[in-house]
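Colleague: One structure follows; several queries about it will come next.
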Amino acid sequence: YPRIAQAAAELEAGSWKVIVEGRESGNVGIYAGDGAVQENDVEALVQAIGLDNLIFEAPQKSQQIWFCKQYGSQVNLGNIAPADVIPVETLRTGLRADTLKVFH
């Protein structure tokens, strides 16, 4: 799996975190063309590299919800539009219907 080897090489070279590409469109890298999370790819990456070492670009609301539900409120998310910062924090704290039952 090339993505795991690349991430491991970045950490070995001294990177503090590895950003997992998703682009602003949210439909490349760990995402399918329709923006769906490729769950097996993400889980393999997390198992091999460690959740704390990764920052997942998640520009789409559905992706943000998936990561918060799957890995908890402290998952490292990136590529969040400035207008979406507060909505993402409400997802993280369970103040939105999407994650209310997960965190409360």
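Colleague: I want to confirm something. Restricting to region 40-53 and keeping residues that are in contact with a helix residue (DSSP H, G or I) (Cβ under 7 Å, 6 or more places away or on another chain) and open to solvent by less than 30 Å² (accessible area, probe 1.4 Å), which single residue is farthest from GLY29 (Cα to Cα)?
Modeller: ILE49
Colleague: Is there any pair with a first residue in region 1-22 that is closer than 15 Å to PHE56 by Cβ and a second that is open to solvent by 80 Å² or more (accessible area, probe 1.4 Å) and in a helix (DSSP H, G or I) whose Cβ atoms are under 7 Å apart and which are 6 or more apart or on different chains, and what are they?
Modeller: If the second residue must be open to solvent by 80 Å² or more (accessible area, probe 1.4 Å) and in a helix (DSSP H, G or I), the pairs left are VAL18/GLU10.
Colleague: Could you please find all residues in region 8-24 being open to solvent by less than 60 Å² (accessible area, probe 1.4 Å) and modelled with pLDDT under 95?
Modeller: GLY22, the sole residue that qualifies.
Colleague: Out of the residues in region 66-104 that are over 21 Å from VAL20 (Cα atoms) and outside any helix (DSSP H, G or I), which is modelled with the lowest pLDDT?
Modeller: The qualifying residue modelled with the lowest pLDDT is HIS104.
Colleague: Oh, and also: Looking only at residues in region 57-80 that are without any contact (Cβ under 8 Å) to a residue 40 or more places away in the chain and polar (S, T, N, Q), which one is most open to solvent (accessible area, probe 1.4 Å)?
Modeller: Checked region 57-80; the qualifying residue most open to solvent (accessible area, probe 1.4 Å) is GLN74.
Colleague: Run down ALA83, ALA36, ALA5 and say which single residue is among the small types (Gly, Ala, Ser) and open to solvent by less than 60 Å² (accessible area, probe 1.4 Å).
Modeller: ALA36
Colleague: Another question about this same structure. I'm told ASN27 meets every condition in (1) closer than 28 Å to LYS101 by Cα; (2) more than 11 Å from the chain's Cα centre (by Cα); (3) open to solvent by less than 50 Å² (accessible area, probe 1.4 Å) except one. Can you identify the failing condition by its number?
Modeller: If we test ASN27 against (1) closer than 28 Å to LYS101 by Cα; (2) more than 11 Å from the chain's Cα centre (by Cα); (3) open to solvent by less than 50 Å² (accessible area, probe 1.4 Å), just (3) comes out false.
Colleague: If you don't mind, there's one more thing I want to ask. Among the candidates VAL37, VAL75, single out the residue that is within 20 Å of SER15 (Cβ to Cβ) and under 12 Å from the mean Cα position of the chain (by Cα).
Modeller: After ruling out the rest, the residue left standing is VAL75.
Colleague: Can you spot a residue in region 26-38 that is in a helix (DSSP H, G or I) and either free of Cβ contacts under 8 Å to residues at least 60 places away in the same chain or under 17 Å from ARG3 (Cβ atoms) (or both)?
Modeller: no
Colleague: Out of the residues in region 87-99 that are over 17 Å from the mean Cα position of the chain (by Cα) and of a type in the set (A, V, I, L, M, F, W, C), which is surrounded by the most Cβ atoms within 10 Å (Cβ to Cβ)?
Modeller: Checked region 87-99; the qualifying residue surrounded by the most Cβ atoms within 10 Å (Cβ to Cβ) is LEU95.
Colleague: Here's something else I'd like to know. I'm trying to understand the selection: among the residues of region 41-68, which are among the acidic types (Asp, Glu) and in contact with a Gly (Cβ under 8 Å, 6 or more places away or on another chain)?
Modeller: Residue satisfying the conditions is GLU57 alone.
The values are calculated or read from the model by the stated rules, or taken from the named source; none is laboratory data. Quantities reported herein were computed from a predicted structural model and do not represent experimental measurements. All Cβ positions, even for glycine, are placed from backbone atoms using ideal geometry, and neighbour counts span all protein chains on display. Only protein heavy atoms, including side chains, enter the accessible area calculation; ligands, DNA and RNA are left aside. Shrake-Rupley method; radii C 1.70, N 1.55, O 1.52, S 1.80 Å.
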